[in-house]
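For reference, the structure is listed below as structure tokens.
What follows draws every value from the coordinates through simple rules; no lab data is involved. None of these values were measured; they are calculated from a predicted model. Cβ atoms come from the backbone with ideal geometry, glycine included; neighbour counts cover every protein chain shown.
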Amino acid sequence: MGHLLDGAWTDEEFLVELDDAGTYTKQPSKFRNWITADGSAAPMGEAGFKAEAGRYVLYAAVSCPWAHRAVLYRVLKKLEEIVDLVDTNEQEIGGQGWGFGPSGHRVPGTEHNARWLHEVYTLSDPECTTRVTVPTLWDKKTQTVVSNESSEIIRMFDTAFEGIAPPTPVLCPDDMRDEIDAINTFVLESINNGVNRCGRSITQEAYDNAFEKLFEALDALEERLGHQRYLLGDRLTEADWRLYPNLIRFDPIYYIGYRCNLRRIADYPNLSNYLRELYQVPGIAEVSDIENMKAGSFGKAGPIGWDGIIPRGPENTLMQPHDRDKLAA
Ligand SMILES: N[C@@H](CCC(=O)N[C@@H](CS)C(=O)NCC(=O)O)C(=O)O
């Protein structure tokens, strides 16, 4: 995929996501502001992004696990009436990254009709040099991108809209933050990035390393989930929701398309039972459309350069009963 260079789209690969060993490695996100309850700057970026109903737009794509985090939070934190959601179309061969289709999309708060998501970035910063990624959080009022970093968007969604949105449990409570950060780092390295490293690294060695680390991590989580209901005990937290987008894609997409084929999640009794529980949380199945995830991932212009033929299986059994409540404290 191309990028923005000084505000212009280029297909040239200069923000390369491979390190010297051929390992797929993500670029840092460009926009890192935070929405806060009173609009103060915290913990980084510019001030001025106050939590207000109807002010912000979340750009996402169904196929993307990072965007999925933010879409899940929009449901879990009851923000559907407060933060707008715009799904970009899948990428097109010869296109300019994430797009809105031939008739385009009127960017809220502006008169601009955008054909591509990168135009939303240049409305915000006309000279920017960056990859253009989902999720992207847009502010209609200041006509700027607030953030394109999913880990931070979900933290904002967790608490910034308290008092505006209906009450919901906090998913990263202060007294659990260190534990959550620690397990997030482990899951990020071995699983969130691990599946991409298996699918998109360009040397055997880089793939082998990622593959070993990925299955060691899944084995460790399988063991952990044998004696506790969630990753951090009996409370469902951010850590679980950062794992879920990869678990749900694992058997239909990563196992076959990303060469993650030692074991399926279905072969892990605890992980598969846990995945069913998360999928069955109210509202989550509706924003976990596996057929659309497959279409984006295996599409010709998708991330792994598949031939466009979408594998039909496996059967979706995620609505089958789980018995995770037997582990409740
Ligand atoms: N660090 C970012 C990564 C997001 C990301 O890599 N999204 C992918 C889709 S799954 C993307 O938009 N890639 C386009 C590109 O890198 O050019 C986040 O977590 O928000």
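Which translational diffusion coefficient, to the nearest whole µm²/s, is obtained for the chain from the Stokes-Einstein equation, given a Kirkwood hydrodynamic radius over C-alpha pairs, 20 °C and 1.002 mPa s?
Working: Rh = 20.5 Å.
So the translational diffusion coefficient is about 105 µm²/s.
Extension gain for the segment MET319 to ARG263, taken as residue separation times 0.36 nm less the Cα-Cα distance, is 18.1 nm to one decimal. May I ask which of LYS30/LYS78; LYS50/LYS141; LYS78/LYS294 have a Cα-Cα span longer than 19 Å here? Correct reply: LYS30/LYS78; LYS78/LYS294.
When the dipole is taken about the Cα centre of the chain, and only Lys, Arg (+1) and Asp, Glu (-1) are charged at their Cβ, what size is it in debye, to the nearest 20? Let's see the in-between values first.
On the way: 33 positive and 51 negative charges, 119 e Å.
The calculation lands at about 580 debye.
With contacts taken as Cα pairs under 8 Å and at least 6 residues apart, region 262-322 reaches a relative contact order of 32 percent.
Taking the DSSP bridge list for the chain and keeping only pairs wholly inside it, about 70 percent are antiparallel. Here is how the number arises for the chain: DSSP H runs of 4 or more residues each give -39500 (n - 2.57), the sum is divided by the residue count, and the result at 222 nm is -9500 deg cm²/dmol. Converting phi to 3J(HN,Hα) with the Karplus coefficients 6.51, -1.76 and 1.60 and the offset θ = phi - 60°, region 134-149 yields 9, x, 10, 10, 10, 9, 5, 5, 8, 6, 9, 7, 6, 7, 10, 10 Hz in sequence order, with x at every glycine or proline.
Where does each of LEU188, LEU231 land when they are ranked from fewest to most other beta-carbon atoms within 10 angstrom?
Details: LEU188 15, LEU231 24.
Lowest to highest Cβ neighbour count: LEU188, LEU231.
3J(HN,Hα) along region 97-112: x, 5, x, 10, x, x, 7, x, 9, 6, 5, x, x, 10, 9, 7 Hz, from the Karplus curve 6.51 cos²θ - 1.76 cosθ + 1.60 with θ = phi - 60°, whole Hz, x for Gly and Pro.
With a 10 Å Cβ neighbour count serving as the proxy for reagent exposure, in which order, fewest first, do ILE253, ILE164 appear? Can you show the working numbers first?
Details: ILE253 26, ILE164 14.
Ordered from fewest to most neighbouring Cβ atoms within 10 Å, ILE253, ILE164 come out as ILE164, ILE253.
Computed from backbone phi with θ = phi - 60° and the Karplus coefficients 6.51, -1.76 and 1.60, the 3J(HN,Hα) list for region 84-89 is 6, 10, 10, 8, 7, 5 Hz; x is used for glycine and proline.
Give me the dipole magnitude in Debye, nearest 20, for region 3-159 about the Cα centre, with unit charges on the beta carbon: positive for Lys and Arg, negative for Asp and Glu.
Details: 15 positive and 24 negative charges, 135 e Å.
In debye, rounded to 20, region 3-159 gives about 640.
Treating each Cα of region 237-329 as one equal point scatterer and applying the Debye formula with no solvent, the log10 of I(q)/I(0) at q = 0.10, 0.16, 0.20, 0.21 Å⁻¹ comes out as -0.28, -0.68, -1.02, -1.10. Roughly how many Å is it from the Cα centre of region 230-302 to that of region 1-73, as a whole number? Between the Cα centre of region 230-302 and that of region 1-73, the gap is 22 Å. Percent of C-alpha pairs per 5 Å bin in region 3-159, short distances first: 2, 9, 18, 23, 22, 14, 8, 3, 1, 0.
Can you give the relative contact order of the chain as a percent, counting alpha carbon pairs under 8 Å and 6+ residues apart? Each step should come with its number before you reach the end.
Values: 570 pairs, mean separation 59.4, N = 329.
In percent, rounded to a whole number, it is 18.
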